[in-house]
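The structure under discussion appears below in the form of structure tokens.
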Amino acid sequence: MAAHLEVMAFLEEGYRCTVPIRQFVLTVDEPVESGGSDRGPMPTELLLASLAACFAMAVAHVARKEGLTVPNLAVKARGEYEGLRFARIRVEVDADLPDRERLRGLVERAVRYCYVSNTLRGELQVSVGLGGEQP
């Protein structure tokens with residue numbers, strides 16, 4: 001049986017949504033110029049944030065397995081729009097690790113541990129339907 005993760009978003013007003021996740025509550029919105037009230041990040045910003053955070057955790061995981069700490073680890077995810085989607089996303093890792101080749105090795109090994117980048121790079125099936133109906 002496959003494990004699953006479920007998150008629900010509730011439309012509050014305009015484009016603003018509330019997304020409860022465990023004990024946390026996120027606010028998602030659009031900027032004013034896009035018809036929102038700018039009370040939270042856009043969904044595409046959350047996608048990039050999820051990717052950057054997941055990859056940072058993956059690098060930290062690989063480093064811990066080697067008994068290393070990675071000072072000032074920072075991961076940037078940059079998406080390039082093409083119409084109504086990202087055509088390209090680039091992930092860049094930086095840290096205060098003097099040995100750049102060691103950091104490069106950590107990054108290369110971290111790729112297999114990042115759930116978000118693995119999902120985005122794979123063949124993902126997304127279906128849309130009404131609640132209560134079988135896909």
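The values are calculated or read from the model by the stated rules, or taken from the named source; none is laboratory data. Keep in mind the model is a prediction, meaning the values are calculated, not measured. Here the Cβ is made from the backbone with ideal geometry for all residues, glycine too, and neighbour counts use every protein chain on show.
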For the stretch 32-46, how many residues are surrounded by 13 or more Cβ atoms within 10 Å (Cβ to Cβ) and free of Cβ contacts under 8 Å to residues at least 12 places away in the same chain?
2
Report whether or not Ala74 is without any contact (Cβ under 8 Å) to a residue 40 or more places away in the chain, within 20 Å of Met42 (Cβ to Cβ) and small (Gly, Ala, Ser).
no
Please determine whether any residue of the stretch 48-71 is touching a Gly at 6+ places or on another chain (Cβ under 9 Å) and more than 24 Å from Gly105 (Cβ to Cβ).
yes
Qualifying residue in the stretch 74-83 (condition: under 12 Å from Val59 (Cα atoms) and either touching a Leu at 6+ places or on another chain (Cβ under 6 Å) or at pLDDT 95 or above (or both))
yes
Going by the conditions given, is Glu80 touching a Phe, Trp or Tyr at 6+ places or on another chain (Cβ under 7 Å) and either on the phi > 0 side of the Ramachandran plot or charged (D, E, K, R) (or both)?
yes
For Val93, indicate whether it is within 19 Å of the chain's Cα centre (by Cα), surrounded by 14 or more Cβ atoms within 10 Å (Cβ to Cβ), over 15 Å from Val116 (Cα atoms) and modelled with pLDDT of 95 or more.
yes
Screening Ala60, Ala3 for residues that are surrounded by 14 or more Cβ atoms within 10 Å (Cβ to Cβ) and of a type in the set (A, V, I, L, M, F, W, C) leaves only Ala60
Can you confirm whether Leu51 is crowded, with 17+ Cβ neighbours inside 10 Å and in contact (Cβ under 8 Å) with a residue 24 or more places away in the chain?
yes
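Could you tell me whether the stretch 12-19 includes any residue that is among the β-branched types (Val, Ile, Thr), more than 17 Å from Leu120 (Cβ to Cβ), within 18 Å of the chain's Cα centre (by Cα) and surrounded by 14 or more Cβ atoms within 10 Å (Cβ to Cβ)? Walk me through how you get there before you give the answer.
Quick first cut of the stretch 12-19, residues among the β-branched types (Val, Ile, Thr) only: 18-19.
From what is left, the residues that are more than 17 Å from Leu120 (Cβ to Cβ) are 18-19.
After this cut, where a residue has to be within 18 Å of the chain's Cα centre (by Cα) as well, the list is 18-19.
In the following step, the residues that additionally are surrounded by 14 or more Cβ atoms within 10 Å (Cβ to Cβ) were identified as 18-19.
Among the residues of the stretch 12-19, at least one is among the β-branched types (Val, Ile, Thr), more than 17 Å from Leu120 (Cβ to Cβ), within 18 Å of the chain's Cα centre (by Cα) and surrounded by 14 or more Cβ atoms within 10 Å (Cβ to Cβ), which makes the answer yes.
Residue by residue, here is whether (1) exposed (fewer than 15 other Cβ atoms within 10 Å of the Cβ); (2) assigned to a strand (DSSP E or B) holds:
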{"site": "Arg88", "(1), (2)": "yes, yes"}
{"site": "Leu97", "(1), (2)": "no, no"}
{"site": "Leu106", "(1), (2)": "no, no"}
{"site": "Arg112", "(1), (2)": "yes, no"}
{"site": "Val116", "(1), (2)": "no, no"}
{"site": "Glu123", "(1), (2)": "yes, no"}
{"site": "Ser127", "(1), (2)": "yes, no"}
{"site": "Leu130", "(1), (2)": "yes, no"}
{"site": "Glu133", "(1), (2)": "yes, no"}
